[in-house]
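Student: Before I ask anything, let me first share the structure, which is written out below as C-alpha cells.
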Amino acid sequence: MTLNWRSMGLSDAEYEKILALMGREPNETELGMFAVMWSEHCGYKNSRPLLKLFPTEGPRVLQGPGENAGVIDIGDGQAVVFKMESHNHPSAIEPYQGAATGVGGIV
C-alpha cells in the first residue's frame with residue numbers, strides 16, 4: 001500500500017528523511033506520528049526558519065528564546081513579553097482561524 005504523505009502535510013524531502021531514519025517504509029500509524037510531530041502546531045516547520053532571522057541576544061534581552069516567552073527591557077523598569085502560539089490553525093495556512101485560536105492558546 002502506498003501512503004500519501006503529502007495529504008498528511010509532509011513534503012517529499014521530509015518523507016525521504018523518514019525513509020532514511022527508519023531504513024524502511026513507515027506504516028500508516030508511524031507516518032501519521034511523523035506528520036503530527038513535524039507539523040506547524042508541534043514543530044513550527046514554517047515559522048522556525050523565519051524566527052531564526054530575529055536577534056536573540058543583546059543588552060535589552062532579559063529572556064531569550066526557549067520554551068516560554070521572550071522578554072525585552074523597554075526602559076523605565078518595564079518590559080515587553082513575546083510569545084508565539086500556533087494552536088489549532090497555523091496562521092500561515094489559515095490566518096483568520098490561526099489568529100482566533102492563537103490568542104486563546106496563549107490566555
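No value in this document is a laboratory result; all are computed from the given coordinates. Bear in mind that the values here come from a model prediction, so they are computed numbers and not experimental data.
Student: Determine the distance separating the Cα centre of segment 1-31 from the Cα centre of segment 54-84; give it in Å without decimals.
Tutor: Here the two parts' Cα centres lie 38 Å apart.
Student: From the phi angles alone, apply the Karplus equation (6.51, -1.76, 1.60; θ = phi - 60°) to segment 41-56 and give each ³J(HN,Hα) in whole Hz, x where the residue is Gly or Pro.
Tutor: 4, 9, x, 6, 4, 8, 7, 3, x, 6, 5, 5, 6, 7, x, 10
Student: Taking H as built 1.01 Å from N, whose amide H comes closer than 5 Å to the amide H of residue 45, not counting residues under 5 places away?
Tutor: 40
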